[in-house]
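Data block below; observations after.
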Protein chains: 2
Amino acid sequence: MESEALKTRLKIRRGEWGRPTTGLGFEQANLVILPKRYAYDFLLFCQRNPKPCPLIEVGDEGSHEARCAPKSDIRFDVPKYRIYKKGKLAEECEDIEKYWKSDLIFFLLGCSFTFERALIDRGIKLKHLEQGKNVAMYNTNLKCNPAGVFEGEMVVSMRPIKHRDLVKTIEITSKFKKAHGPPVHLGSPAEIGIKVLDVPDYGNPIDIDEGEIPVFWACGVTPQLIALRKKLDFMITHSPGHMLILG
Amino acid sequence: MESEALKTRLKIRRGEWGRPTTGLGFEQANLVILPKRYAYDFLLFCQRNPKPCPLIEVGDEGSHEARCAPKSDIRFDVPKYRIYKKGKLAEECEDIEKYWKSDLIFFLLGCSFTFERALIDRGIKLKHLEQGKNVAMYNTNLKCNPAGVFEGEMVVSMRPIKHRDLVKTIEITSKFKKAHGPPVHLGSPAEIGIKVLDVPDYGNPIDIDEGEIPVFWACGVTPQLIALRKKLDFMITHSPGHMLILG
């Protein structure tokens, strides 16, 4: 029998999804695909930066099935991919069959969508879900620990949280070590280099209402920012908010 | 001012120690040093086998100072090293200056000595410490998840624990995720491929008395067994029980 997660992956594979994977109950993952020559540096970068890059699984060279997503094919099972070439976003596409090579290695990193269900179950409202939006994501001035060619600043996701829910939110997300864990910052966006909260670098903007405070979590889009800044030859990732569903 | 940990490291560096590092309160680490050509496979092996190989730190190529042990020099600060060449233990020595090369990379893995202090503080007796012995370690039939050339079985450390302390022991060690975490096996050594408990593969034997049960934890000596079995060209490690002191 097919699990609900597999059913959703197959729907995505058939091209019947076409939207972000926010608001689903499943565990989800960020995807990074790199040629073997970058793999050591990136694996080390993840080891040194477990908050933005909590490693869930690394494929063998050329493999495109993830063990934590049985019967998956990571070339087709993400709703939208990004192709980075020489430090530029070259293309967004719905599968990566034409780019696949036998020297590619995939990395799955935990995703904050995984803890969103736990927050909702404890009565914490997540406005981007209620409004049918992708989460808001921002480049920051928080420096990552460098590893070889991978060096740069952290990307964060932001959720407006009511003051009365702050402690509970931190408590709950602290338990999700493999999904970015507790927030990296609360309030005062300027302190982490975010100038205009209304204009996220990725995803959709969301209002901060009376009684709310913006809460920031390390984000698995971080490697994409670094690929751009460090002008990596080649890298494939998911498109922000369009994750691989696990299970 | 020098910390107690640094003082002990300097004593070791001066050659004034000359024994295992069991029974000290400090956080401690297993040491693995490999040429760059093996580094990716080993890093991946650690990622896939966090119980025997919980990664604490990976050095940059050629670096011999560990960030988690300020002012350390990993070429001198372990009481005893092992040099493995072509799948054989070539030498045991007190420093590795003559073997050091700029393409070497060090890996520090968490060590069960770290949780021993927490067990003692909660009133759990550790007989090897009371008897001034090194812990007993065994090869097992528990398969590790392979990664490139690294493939083989787990080494475990064993401590006799009283029945009434078992739950508490598991509870406490479960919290030390970066120091092998909870046991991998309780009782019945034969089930994990240990034939004669009186003859450990590393360290000192210890009696199991009335009312006690042998408890097994994943052990950072695992990479040494694999280096032997897979006939790696070159690898340097600590000698079992002779760890790097952190802090």
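Derivation of every value follows stated rules applied to the coordinates shown; laboratory data play no part. Just so it is clear, the model here is predicted, and its values are computed rather than measured. With ideal geometry, Cβ positions are generated from the backbone for all residues, glycine too; neighbour counts draw on all protein chains shown.
List, please: which pairs have Cβ atoms under 7 Å, are six or more places apart or on different chains, and start with a residue in region A:1-18 that is in a helix (DSSP H, G or I) and end with one that is among the small types (Gly, Ala, Ser)?
Hits for this filter: A:ALA5/A:GLY247; A:ARG9/A:ALA69; A:ARG9/A:SER72.
Looking at B:ALA29, is it surrounded by 16 or more Cβ atoms within 10 Å (Cβ to Cβ), in a strand (DSSP E or B) and among the small types (Gly, Ala, Ser)?
The answer is yes for B:ALA29.
If you check A:PRO240, A:PRO205, which single one turns out to be over 30 Å from A:LEU10 (Cβ atoms), out of contact with any Lys or Arg (no Cβ under 7 Å at 6 or more places or on another chain), not in a helix (DSSP H, G or I) and not β-branched (Val, Ile, Thr)?
A:PRO205
Given the conditions (1) more than 10 Å from every other protein chain (Cβ to nearest Cβ); (2) polar (S, T, N, Q); (3) assigned to a helix (DSSP H, G or I), report the number of the one that A:SER63 does not fulfil.
(3)
Between a first residue in region A:184-201 that is closer than 14 Å to A:GLU212 by Cα and a second residue that is assigned to a loop (DSSP other than H, G, I, E, B) and among the basic types (Lys, Arg), which pairs have beta carbons less than 9 Å apart while being 6 or more apart in sequence or on different chains?
Once the first residue is closer than 14 Å to A:GLU212 by Cα and sits in region A:184-201, its partners that are assigned to a loop (DSSP other than H, G, I, E, B) and among the basic types (Lys, Arg) give A:PRO189/A:LYS195.
Kindly provide the set of residues from region A:32-55 that are touching a helix residue (DSSP H, G or I) at 6+ places or on another chain (Cβ under 6 Å), in a strand (DSSP E or B) and not β-branched (Val, Ile, Thr), ordered by number.
A:LEU34, A:LEU55
Checking the structure you have, find out if any residue of region A:127-137 is over 18 Å from the mean Cα position of the chain (by Cα), acidic (Asp, Glu) and closer than 20 Å to A:THR169 by Cα.
Checking region A:127-137: at least one residue is over 18 Å from the mean Cα position of the chain (by Cα), acidic (Asp, Glu) and closer than 20 Å to A:THR169 by Cα.
Can you name the number of the only condition in (1) more than 15 Å from A:TYR40 (Cβ to Cβ); (2) among the small types (Gly, Ala, Ser); (3) within 14 Å of chain A (Cβ to nearest Cβ) that B:GLY18 fails?
Result: B:GLY18 passes all but (3).
Would you pick out the residues in region B:66-83 that are surrounded by fewer than 20 Cβ atoms within 10 Å (Cβ to Cβ), within 14 Å of chain A (Cβ to nearest Cβ) and touching a residue at least 24 places away in the same chain (Cβ under 8 Å)?
B:CYS68
Taking the condition more than 21 Å from B:LEU129 (Cβ to Cβ) and of a type in the set (D, E, K, R), does B:LYS11 pass?
Taking the combined requirement at face value, the residue does not satisfy it.
List the number of the failed condition for B:LYS143; all other conditions in (1) free of Cβ contacts under 8 Å to residues at least 40 places away in the same chain; (2) under 27 Å from B:ALA66 (Cα atoms) hold.
So B:LYS143 meets the others, but not (2).
Please name all residue pairs, on different chains or six or more residues apart, with Cβ atoms under 6 Å, provided the first residue is in region B:103-119 and is on the phi < 0 side of the Ramachandran plot and the second residue is of a type in the set (S, T, N, Q) and assigned to a strand (DSSP E or B).
From residues that are on the phi < 0 side of the Ramachandran plot, the pairs are B:LEU109/B:ASN30; B:CYS111/B:GLN28; B:CYS111/B:ASN30; B:SER112/B:SER157; B:PHE113/B:GLN28; B:THR114/B:GLN28.
Taking region A:210-232, which residues are more than 21 Å from A:GLU91 (Cα to Cα) and surrounded by 21 or more Cβ atoms within 10 Å (Cβ to Cβ)?
A:PRO214, A:VAL215, A:PHE216, A:TRP217, A:ALA218, A:CYS219, listed by residue number.
Go over the candidates A:LYS51, A:LYS36, A:LYS7, A:LYS11 one by one and state the one that is among the basic types (Lys, Arg) and within 14 Å of chain B (Cβ to nearest Cβ).
Answer to the check: A:LYS36.
Tell me whether region B:89-106 contains one or more residues that are of a type in the set (A, V, I, L, M), under 30 Å from A:GLY59 (Cα atoms) and within 12 Å of chain A (Cβ to nearest Cβ).
Yes: region B:89-106 contains one or more residues that are of a type in the set (A, V, I, L, M), under 30 Å from A:GLY59 (Cα atoms) and within 12 Å of chain A (Cβ to nearest Cβ).
Given the conditions (1) under 18 Å from the mean Cα position of the chain (by Cα); (2) within 14 Å of chain A (Cβ to nearest Cβ); (3) of a type in the set (Gly, Ala, Ser), and given that B:ALA29 satisfies all but one, which numbered condition is not satisfied?
(2)
Taking the conditions exactly as written (in contact with an Asp or Glu (Cβ under 6 Å, 6 or more places away or on another chain), closer than 22 Å to A:PHE115 by Cβ and among the β-branched types (Val, Ile, Thr)), does A:ILE56 satisfy them or not?
no
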